[in-house]
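Asks: Here it is, the structure in full.
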Amino acid sequence: MDFTFTEEQQAAVEAARAVFSGVAPDSVPSPALTPGAVAEDIDRRLWGELAGSDLLGLTLAEEYGGAGLDPVALCLVLRESAKVLARVPLLESCAVAMAVERYGERALAAELLPRAARGELVLTAAANGRTGHDPAERAVTVRPEGSAAAPSGWVLDGVQSAVPWAQAADRIAVPAHTGDGRSVLALVDPARAGVTLADQFSTSGERLAEVRLDSVRVAAHELIDAPGAWEWLRNLLTTGTCALALGLGERVLAMTAEYTGKREQFGFPVATFQAVAVQAADRYIDLRAMEVTLWQAAWRISTGAGGPLPAEGDIAVAKIWASDGVRRIVQTAQHLHGGFGADTDYPLHRFHAWAKQIELSLGPAAAHEEALGDLLAAHPLA
């Protein structure tokens, strides 16, 4: 396999590193010491810098103010953002914008995408359903207003939980199901009548929201009913979360190498002890497996290339490694740091909290292994 990145993708990484170099992971209160949210809003200064560096429109067409790159480029930038625990909806906003461009009506794209690329509009997605375990599209119903064949608008009812950055968002992409069982995607303004946001909090101390929809009306062009739109967005959100897991894991392992290289016992750095080196080496193997499975999944989404299994198979493998791998990496890091790893003046515990949130977002590896098994049963390999 050749995972060489293009010049444009590498340029995006360099631009991202320049922006994120000024971000401190401990710029907000510790989630371990804060009973609610660590901050009321996203990092607006960073959001503005990302917009100024053209990273928010990275994957949009030039006509909307973008650079026309693919999901692989987005994952590369997300990987860098996770190394500094960037408190911005970069994944959600970019992924929803890409879905609007790919599947939405031209009027909706013209209305939202140029403003999203400039950072003037924040987008997010409701992907967790009512409980986090049921399909998100089953948590909300949608019915047409007026003629069913040519509706003048749509009405949504239901609840979506744990919606990231919802309080800061200008539009929430809400999956829903129609009376005939189709999955659609509605772009909902959280300020619209019938929308209620109730605070929830992530393991990492960020504000989430339970979004309740009571007869919420959206215009006809604000609903995307193209086949596969929600499934494509869900796959991109999942793959992007795997990219966050990879970046976070790389930063944590680097912190561990630096600490164990300086910490001495019996006159020698503990990094030279075989038991320490073997554990660190195992986590490095985890990272490389997380990396190769991530790029395979991102490549399938970017190109639409076929394979023995649908793209969901590659995404399931990436989720297996990301979910288990990021947990093993932070646990080993805590162990090798000793008591220092639990010091709230040291940022490792923040990465641990974010890693746990990523693991919870992806779900248990066993569930993904079961899904992969179902795909293998449905698509026997020759």
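Asks: For the chain, set up a GNM with springs between Cα atoms under 10 Å and report which of Val218, Val174, Val96 has the largest fluctuation.
Replies: Among Val218, Val174, Val96, the largest GNM mean-square fluctuation belongs to Val218.
Asks: Mind checking which lysines have their Cα closer than 29 Å to the Cα of Lys319? Skip sequence neighbours fewer than 8 apart in that chain.
Replies: List returned: Lys83, Lys356.
Asks: Calculate the length of the line joining the C-alpha centroid of the stretch 188-252 to that of the stretch 305-323, in whole Å.
Replies: Comparing the Cα centres of the stretch 188-252 and the stretch 305-323, I get a distance of 22 Å.
Asks: Tell me the carbon and sulfur percent of the accessible area for the chain, rounded to whole percent, probe radius 1.4 Å.
Replies: 54
Asks: Select one label from (1) 20.0; (2) 28.3; (3) 18.7: the one whose number is mean projected area of the Cα convex hull in nm² as derived from the coordinates shown.
Replies: Recomputing mean projected area of the Cα convex hull in nm² here picks out (1).
Asks: Okay, moving on. Please tell me the relative contact order of the stretch 145-294 in percent, rounded to the nearest whole number, where contacts are Cα pairs under 8 Å and at least six residues apart.
Replies: Relative CO of the stretch 145-294 lands at 20 percent.
Asks: Something else: Considering only Asp54, Asp225, Asp180, give the residue with the highest GNM mean-square fluctuation for the chain, with springs between Cα atoms whenever their separation is below 10 Å.
Replies: Of Asp54, Asp225, Asp180, the most mobile in the Gaussian network model is Asp180.
Asks: Take the Cα of Ala226, step 7 Å along the line toward its Cβ, and report every residue of the stretch 164-190 whose backbone nitrogen sits under 14 Å from that point.
Replies: Inside the label zone: 184-186.
Asks: Using a Gaussian network model on the chain with a 10 Å cutoff between Cα atoms, which of Gly363, Gly68, Gly304 fluctuates the most?
Replies: Maximum fluctuation in the GNM of the chain, among the listed residues, is at Gly304.
Asks: Kindly report the accessible area of the chain per residue (heavy atoms of protein chains, probe 1.4 Å, no ligands, DNA or RNA), in Å².
Replies: Each residue of the chain exposes 42 Å² on average to a 1.4 Å probe.
Asks: What relative contact order, as a whole-number percentage, does the chain give when Cα pairs under 8 Å and 6 or more residues apart are counted?
Replies: Over the chain, the number comes to 15 percent.
Asks: Using the Cα centre of the stretch 2-118 as the reference point, and only Cβ charges (+1 on K/R, -1 on D/E), how large is the resulting charge dipole? Debye, rounded to the nearest 20.
Replies: In total the dipole reaches around 320 debye.
Asks: Using the charge dipole of the chain (Lys, Arg: +1 at Cβ; Asp, Glu: -1 at Cβ; taken about the Cα centre), state which of Gly22, His352, Ile42 has its Cα farthest towards the positive end.
Replies: Value: His352.
Asks: If packing is taken as the average number of other Cβ atoms within 10 Å across a peptide's residues, how do 108-116, 128-136, 339-347 rank, most packed first?
Replies: 108-116, 128-136, 339-347
Asks: Compute the length gained on full extension between Asp26 and Thr203: take 0.36 nm times their separation in residues and subtract their Cα-Cα distance, giving the result in nm to one decimal. Kindly include the intermediate steps, with their values, before the conclusion.
Replies: Values: separation 177, 0.36 × 177 = 63.72 nm, distance 1.56 nm.
Contour length minus the Cα-Cα distance gives 62.2 nm.
Asks: Using alpha carbons only, how many degrees (0 to 90, rounded to 10) separate the axis of helix 106-117 from the longest principal axis of the chain?
Replies: 30
Asks: Would you mind calculating the relative contact order of the stretch 164-217 from Cα pairs under 8 angstrom and at least 6 residues apart, reporting the percent as a whole number?
Replies: Answer for the stretch 164-217 is 33 percent.
Asks: If the only charges are +1 at each Lys and Arg Cβ and -1 at each Asp and Glu Cβ, what is the size of the charge dipole of the stretch 193-348 around the Cα centre, to the nearest 20 debye? Write out the running numbers ahead of the final one.
Replies: Details: 13 positive and 18 negative charges, 49 e Å.
Value, rounded to 20: 240 debye.
Asks: Where the centre of each part is set by its Cα atoms, how far does the stretch 340-382 sit from the stretch 274-296, in angstrom?
Replies: Value for the Cα centre distance between the two parts: 15 Å.
The values are calculated or read from the model by the stated rules, or taken from the named source; none is laboratory data. Because the structure is predicted, anything quoted here is derived from the model rather than measured. Quick reminder, even Gly has a Cβ in these numbers, built from the backbone with ideal geometry, and neighbours come from all protein chains shown. With ligands, DNA and RNA removed, areas are computed over all heavy atoms of the protein, side chains included. Shrake-Rupley method; radii C 1.70, N 1.55, O 1.52, S 1.80 Å.
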